[in-house]
Amino acid sequence: MGIFTYDPGFVSTAACESGITYIDGDKGILLHRGYPIEQLAEKSDYLEVCYLLLNGELPSPQQKAEFVNIVMNHTMVHEQITYFFRGFRRDAHPMAIMVACVGALSAFYHDSLDISDPHHREVCAFRLIAKMPTLAAMCYKYSIGQPFMYPRNNLAYAENFLHMMFGTPCSDSKPNPVLAKAMDRIFMLHADHEQNASTSTVRLAGSSGANPFACIASGIAALWGPAHGGANEAVLSMLQEIGDESRIPEFIKRAKDPDDSFRLMGFGHRVYHNFDPRATVMKASCDEVLKELGKSDDPLLKIARQLEQIALKDDYFIKRKLYPNVDFYSGIILNAIGIPTNMFTVIFAVARTIGWISHWSEFHSSPNRIGRPRQLYTGVKQRDY
Ligand code: CMC
């Protein structure tokens, strides 16, 4: 038997080489193709970052216009997909529906599933980036019994998403630009984060040659858990459960208790041992949104701010270098926009699709082999039947 390195949780094992995203967790640095996330958040927008992640360079104005045009022209889903929805309970968790519907997309695009063909890979990427918001909004509309809204391709990506979420056939109002910008930022800040659990899942599934829709469905499944993408939903539930600033010490005490499984949701990160740079941008965006909506006194925001202050001064959190992560403030923004809690992780999935597909594409663009981790066997020795 060979000798293997045992690294539970892959704390010190690099599974691949990648030129997409760089993180220095000790310094709190996040770069996409070399560009700091703070600069992208200030100067760019989500679809431009999609282009950057996928192609390695920022687009020229003409390249950007073409890219936006192609993506927006793929936003509609096949009408047969609506029958999938009708098979689900109205109260189904939207992540369950997303896993199913995204995997099922491969049944509609036999024409572009030759993953050895770069053009096919590109078309799949366009389709996935374009159709994820449509499917996400369909989950919400289905849950509240309203008709599905067709995408409006003359709107910007985030605007169109808000239109499909909150528009009705009886109104043609345009989404509030401040909220659309905040939505775009949420998409951008979640676009990629190197080899996290869901991206690693997509790469591993992709290494077997599985089609990209199936691979992205596996990423959505991995994202669902509360230790990963489910954290934004968990943060809001936690803030609601705390309910009042006076109860914060009680929850901090619980988070520090080794015999209590409770953790401060939205705090801590496997890679960042400093401020998560995305959290800083998200916090500023949160202030903008609440101001726009006249909710600057939002009780949940007050609890979140107070909780952050107390935790950052507490020895337990200082010693373990636990800081707020990207999800600490995103839930408050989404809640203020009117997005229900069970849709938060779906929005993370919409945003992360570009990261997943960029890594999947990178994997297939270079020499590769199937991923096949080994194990340390701890079972019984050979015995006779
Ligand atoms: N609250 C209280 N204690 C914590 C927390 C927390 N949120 N996070 C970590 N710790 C403690 C943990 O108990 C352990 O203490 P000790 O050394 O005494 O046993 C120490 O810090 C190290 O924790 P760990 O579990 O070994 O760290 P990890 O790198 O395996 O886990 C994490 C990272 C993000 C899963 C974890 O910090 C956590 O559960 N955070 C809350 C959930 C959350 O916000 N997740 C979103 C992550 S960001 C979005 C994404 O990338 O998906």
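The values are calculated or read from the model by the stated rules, or taken from the named source; none is laboratory data. Quick caveat: nothing in here was measured; it's all calculated off a predicted structure. A quick note on method: Cβ atoms are made from the backbone with ideal geometry, for glycine too, and the neighbour counts reach across all protein chains shown.
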- Item | helices (runs of 4 or more DSSP H) (entirely within the range 171-232) containing at least 2 residues that are in the same structural domain as residue 129 (by TED's automatic domain parsing) and over 28 Å from residue 107 (Cα atoms) | 177-189
- Query: Out of (1) within 13 Å of residue 311 (Cβ to Cβ); (2) outside any helix (DSSP H, G or I), the odd one out for residue 251 is which?
  - Reply: (2)
- Residue list for the range 137-163, restricted to those being hydrophobic (A, V, I, L, M, F, W, C) and either crowded, with 22+ Cβ neighbours inside 10 Å or not assigned by TED's automatic domain parsing to the domain that holds residue 105 (or both): 137, 138, 139, 158, 161, 162
- Query: Quick one: what pairs do we get from the range 159-178, first residue in contact (Cβ under 8 Å) with a residue 60 or more places away in the chain, second among the aromatic types (Phe, Trp, Tyr), C-beta under 6 Å, 6+ apart or different chains?
  - Reply: 165/140
- Query: So which of 38, 57 ends up being in contact (Cβ under 8 Å) with a residue 24 or more places away in the chain, closer than 27 Å to residue 126 by Cβ, more than 16 Å from the ligand (Cβ to nearest atom) and of a type in the set (Asp, Glu)?
  - Reply: 57
- Message: Looking at the structure I just gave you, is residue 79 acidic (Asp, Glu), in the same structural domain as residue 207 (by TED's automatic domain parsing) and under 27 Å from residue 182 (Cβ atoms)?
- Response: no
- Item | Total residues in the range 236-287, condition away from the ligand (no atom under 13 Å from the Cβ) and in contact (Cβ under 8 Å) with a residue 12 or more places away in the chain | 13
- Item | Hits in the range 355-379 - residues which are among the β-branched types (Val, Ile, Thr) and assigned by TED's automatic domain parsing to the domain that holds residue 112 | 357
- Task: Identify all residues within the range 13-28 that are surrounded by 12 or more Cβ atoms within 10 Å (Cβ to Cβ), part of a loop (DSSP other than H, G, I, E, B) and touching a His at 6+ places or on another chain (Cβ under 9 Å); write none if there are none.
- Result: 16, 18, 20, 25, 28
- Among the candidates 58, 47, which residue alone is closer than 30 Å to residue 152 by Cβ, assigned to a helix (DSSP H, G or I), within 22 Å of the chain's Cα centre (by Cα) and at pLDDT 95 or above? 47
- So which pairs qualify, if the first residue must be in the range 362-385 and in contact (Cβ under 8 Å) with a residue 24 or more places away in the chain, the second must be of a type in the set (Val, Ile, Thr), the Cβ gap must be under 6 Å, and the two must be at least 6 apart or on different chains? 364/115
- Message: Against the definition (assigned to a helix (DSSP H, G or I) and within 30 Å of residue 121 (Cα to Cα)), how does residue 363 come out, yes or no?
- Response: yes
